[in-house]
Every structure is written in C-alpha cells, then in structure tokens.
Amino acid sequence: MLLIPIAFVLVFKYAPMSGLVLAFKDYKIAHGVWGSEWVGLEVFRELFAKHDFGRAVRNTLLLNCLDLVFSFTMPIVLALLLNEVRNLRFKRINQTLLYLPHFLSWIIIGAIAYQLLSEGSGVVNNVIAMMGGNRVPFLQEDFNWLISYLAIGVWQSMGWGTIIYLAAISGINPELYEAATVDGAGRWRKVWNVSLPSIRTTIVTLLIMNLGRVMEGSFERIYALQNKATTEFTTTIPVLVYRWGIEGGNFSRATALGLFQSLIGIMLVLMADRIAKKLGEDGLL
Amino acid sequence: MKSSGNVITMHRKRRFDTWDVLIHLSLIIASLVCLLPFLHVAAKSLSSDAFVIANKVFLLPRGFTFEAYGKIFADASILRSLYVSVIVTVVFTLLGMIITICAAYPLSRKQLKGRTALTMIFMITLYFSGGIIPEYMLMNQLGMLDTLWALILPQAFSAFNFLIMKTAISSSIPVSLEESARIDGAGHFRILWSIVLPLSKPIIATLSLFYAVGRWNAYQDALFYIKQAVELRPLQLKLYYLVIQASESFQLEATQVQLSNPEVLKASCVVFATLPILCIYPFIQKYFVQGVLLGAVKE
C-alpha cells in the first residue's frame, strides 16, 4: 500500500532533483542531460555576473520583507479587533467577508486589480478624477506597482491570517481578564497586557517561519500583477527562472538560479528552526 | 472563542462606548474593502458598454444587460476550458486523496518498522524540490507536456496534506479499536475501509477541499506545461490570456471588434470564473478553518 505513494514521490519529487546536475553542465539539447559536458561552477560564475541576477535577489528579498512588515501585522490587528466584538453574528459576517479573498486565484485577483486600478478606466481612478484629483498609474509605474502589490497582498491574506490568532486568543484563560478587570484595567490595557502577551508565542513562531521563507517567491502573484511597464520590481527569482529557462531555453542557467534559491531557502529554514528551538518553541522540523 | 467572549461580556456590562463604535467601524470598513471590488466587477459585467466606456459604473449596473454573458456562453473555448478545469480538478482530487491515505494510514501506525525513515522521505519534499526547470524537463521526458497529466500527476502528493492526515488518523483512532478488529480477523484493508475511513470523514472532506480548491486556482503549472495544446487550457490560464495579457481575443469578437468594449467582457469573464468558488464558499469555509488549525498543531 505504501508502494503507491513512494513510487509517486520518487518519480515526481526525487527524479527532478537529479535534474539539478544541469546546473553544473553546459546543457545542449542534442546531447541530452547526461551527455552534456560538465563545466563545474562555470554556470554559477556566469549567473552571478548577470545584472538581472542581483536585481532578482534584491527584489525577492525586498518584496518578501515588505510583505512581512504589512501582511504579517495586519492579521494580528484584525484578530484583536474581532476579539473585541461581542455580537457573534456581526463577528461571523465579518469573518466570512474577510476570508473571501483567500479563496480566489491570483489570476482573478489580478484581473480585479486591473479593473479597479488601471489608469484610464479603473473605478478607483474614476473616483479620484470625479473628486478633482489626478489619475494615478497604480499598476503601470514601478513604485506605485510596488505599493499596489503589497496592498493587494494584505487584502488577500489579512482575514485568513486571523484564524490562528483567534484560536490562540480563545485559549486564553478568562480569569486573566477577570483579574485585570478587578485591578481596574481598561479595555486597551487588557488588549496590551493580557491578549497580546498571550499570543506572543504564536506570533513569534509564525514570524520565524515566515523569516525562513524570505527567499521564496510567489510566481503566481507577481505574474498575475506584472506588466511590461513595471519590470524594475517584478523581476524576482522565480520569474527569472521562468523567463530564462522555459521562455528562453537556457536550462542550465535557470536551473542554477533555482538551485541557488533552494539552497539559501533551506539554510534560512534551518536557521529559523534553530532560533525557534532556542526560544523554547517547538521548532518546525 | 465563544467561552472567553461570553465571560468578557458578563464581566463588563457596559454600554457601547466610543471604542466599540471605532472597532466595529474599522471592521466594517475592512469587510467592505473585501466585498466592494466584487460588487463593482459584477456591476460592470451587467452594464451596457456605453456606461462603462463613460466610466459611469460604480456599484450598481447601469443599462442592465446580460449581453456579455451571452457572449461567454457562445464562446466554445471558454466553456471548453471550464470543462478542462472541472475534469482536472476531479481527477486530481481523487488521486491526491488516494495517495495521501495510502501514505498516511500505514505511517500513522506505531508497529510499522522504519516508520521514521519513510516519513522523512515524504517530509523532505516539503522543504526541498528539484525546482521549476528540472520538473519541466521531467515532464518533457515523460512526454506529458501539453497533456492534462502534467496538471494532475506532479502535484498529486502534497507533503503538507499528508502530515495533516497522518496526525489526524493517529490522534482520532484509538489503537485499541484497531487491535480488537484485528482479533476479530480483519485484515489491513478491511480495517482501513470499515474503521479508519469512516472515522476520518471530516478530515477527508477538509483535505479533498484543500486539493480541489488549490488545483482549481493554480495556473503556474498550466502556464509552463500547456503551451501548444490551446484546447487543454484550464479556466484560470484561459482567463490569464484573455483578461490580463489580453493577447487573445474573444472568439465571437472577431466579427464585431469595433462595436464591443472588452472591459465589460473582461468583467463578466472574471465573474464567470469566480462564481463556482463563490457558490461553494459558504459551505467549505468551516472545513478550511479546521484544516488550518490542524496544520498549525504541527507548526
């Protein structure tokens, strides 16, 4: 019975790993993967010298770190707000609406974003124009694109991210709140001195996990939102792998880039795991 | 959530104060931000071209018409990609669940030898993979490019879902139940079929939905693997070419390009592609929440 999944994993997960040798070869289609010439680290030397390489690494780190600042904090705020709501039906309706964007594909989100934010016909710009402002190229100019990208990320994940925090908050011993009330603590004191410290471990664990992932990048999210006018920030590692490898046919260089990303990624995950364990958390592995 | 909420309510029976108003207000704003984009696109899709070109459509349709939807249903290629998406999602989900159960059930039992090592084999794939290009080359070698198998097979095993399934089985099914079944003469498959599966129904539902919604929404692999075979494009990829790249025109439009405004058609395509998810969303939401919490236990 175990044979089915093992065979599956070997063929579709482990077999591609052997394809990583491409990163150390000068791949020629005529010679095949195994017939191509070994070139050692030559491909990597070439890769590191590329202008786009530096840009892709910078963008991957930049987008993910900014995401961490905004998309990571918003769910905490929302969860604390939701926790203050006493009317359960109000809370329910809000949660349902807030979770919704998480269920949509990036294509649909991208399409909606263009419908809303495009310069000439987007409704947001129509409103701005109606109020006498100037139209803003939200998605067609590098820096604006960056902000839109981040905002859309927050929009997509803010509700969904609250689930874990809400669960953690619901595990707080009610007596803590009672004691705080007896001591004369107001609402904000209770949020600040009871709720937040109680979910601190959850926050720290999730933060460390996310830090371990700053070298990864969502191809789908960037690809659905990018356009020809905004290449400055959209060139990230996965996008470059796609452009070089599948579109451009330079399999060796694209594989090397992918391998570079996974190796750094693994190192970051291991480090994150170490830190988590040092702080007395469960760790990830 | 409930218990702490009630206790708090009991202990501060104050009336709505300013902070309450602010909290509710900010939540309402956040929810509206999630809802209004859909309303706008839906309104646009039901409006007539003239109002949309004049930028006069906000949250309600102007010059109400179903014309754009008529065009979608007349476009064979869109319906075809919907069909492809449905087929791929169904086969993928079934296969994914079979593989997940086949891996999770034996490995959840403590008497299996070499359990840790085998689990490791599966778990490594969560953190390390060959990457985009080697996977692409594999699909190429297997001759699966431009076939639906490329969308079904590679992702069918998910280490994450496997982990959730394994945890769920080992925590929800007592060993004693299995042992007594064995004493009664039941074999492995009989135990799986009559005891484990019926008891794991909730988790099976959750994971099936993870697989299905994930498959339905993904387009990256389709973008990579389905290049020549235009008729095999799943809905999301079709939407990508149609709406975002706008490199592909609507089949019907060829005859009436000047007359119609693609904005309305684009909007109706978005609604068309969103509707399946919106329809099932209210019912699947709770399963997803459960799944997230189960996954978080390990994390």
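Annotations for the structure displayed:
- Under the simplified labelling scheme, the B:Ser176-A:Glu46 pair shows an inter-label distance of 6.7 nm, with each label point 7 Å from Cα along Cα→Cβ.
- Among A:Glu37, A:Glu119, A:Glu178, the largest mean-square fluctuation in a Gaussian network model of chain A (Cα springs under 10 Å) belongs to A:Glu178.
- The mean count of C-beta atoms from other chains within 10 Å of the C-beta of residues in A:245-252, rounded to a whole number, is 3.
- Using alpha-carbon coordinates, inclination of helix B:18-45 to the longest axis of chain B, degrees: 60
- With a simple spin-label model that places each label point 7 Å from the Cα along the Cα-to-Cβ direction, the separation between A:Ser198 and A:Glu141 comes to 4.7 nm.
- Zone residues, region B:107-144, relative to A:Lys277, backbone N less than 18 Å from point 7 Å out along Cα-to-Cβ: B:116-117, B:120-121, B:123-124, B:127-128
- On the basis of the beta-carbon distance and an R0 of 41 Å, A:Glu178 and B:Leu35 show a calculated FRET efficiency of 0.65.
- Positive-pole candidate from B:Phe189, B:Pro282, B:Met137, dipole of region B:70-298, charges at beta carbon: B:Phe189
- Computed [θ] at 222 nm, helices only, for the protein assembly as shown once each DSSP H run of length n ≥ 4 contributes -39500 (n - 2.57): -20000 deg cm²/dmol
- Charge dipole of the protein assembly as shown about the Cα centre (unit charges at C-beta), most positive-ward option of A:Ala180, A:Phe53, B:Gln236: A:Ala180
- 20 Å cut-off, amide nitrogen to a point 7 angstrom out along A:Leu66 Cα→Cβ, residues in region A:114-137: A:114-119, A:125, A:136-137
- Here the Gaussian network model covers chain B, with springs between Cα atoms less than 10 Å apart; of B:Ser26, B:Ser85, B:Ser47, B:Ser26 fluctuates the most.
- Calculated FRET efficiency, A:Leu263 to B:His188, Cβ-Cβ distance, R0 = 51 Å: about 0.80 to the nearest 0.05.
- Sum of side-chain charges, B:Glu135 neighbourhood, beta-carbon under 14 Å (Lys, Arg +1; Asp, Glu -1): 0
- Peptide A:153-161 has a mean of 2 when you count, residue by residue, the C-beta atoms of other protein chains within 10 Å of its C-beta.
- The overall shape of chain B is oblate: from the C-alpha gyration tensor, with semi-axes ordered a ≥ b ≥ c, the ratio a/c is 1.5 or greater and a/b is no larger than b/c.
- Crossing angle, helix B:76-107 versus chain B [Cα axis fit, 0-90 degrees, rounded to tens]: 10
- Cα-centre dipole for region A:81-200 with unit charges at Cβ (Lys and Arg positive, Asp and Glu negative), debye to 20: 400
- If only the Cβ of Lys and Arg carry +1 and only the Cβ of Asp and Glu carry -1, the dipole of chain A around its Cα centre is close to 340 debye.
- Whole-number percent relative contact order across region B:70-298, with pairs defined as alpha carbons under 8 Å at least 6 apart: 33
- Between the helical axis of A:200-211 and the longest alpha-carbon principal axis of chain A there is an angle of about 20 degrees.
- Cα→Cβ-extended label distance, 7 Å offset, between B:Asp146 and B:Ile280, nm: 3.1
- Intensity falloff of the protein assembly as shown expressed as log10 I(q)/I(0), Debye formula with alpha-carbon point scatterers, at q = 0.07, 0.09, 0.12 Å⁻¹: -0.48, -0.81, -1.40
Where a number appears in this text, it was derived from the coordinates with a stated rule and is not lab data. Everything numeric here is computed off the predicted structure, so don't read it as measured data. Cβ: placed from backbone, ideal geometry, glycine included. Neighbour counts: every protein chain shown.
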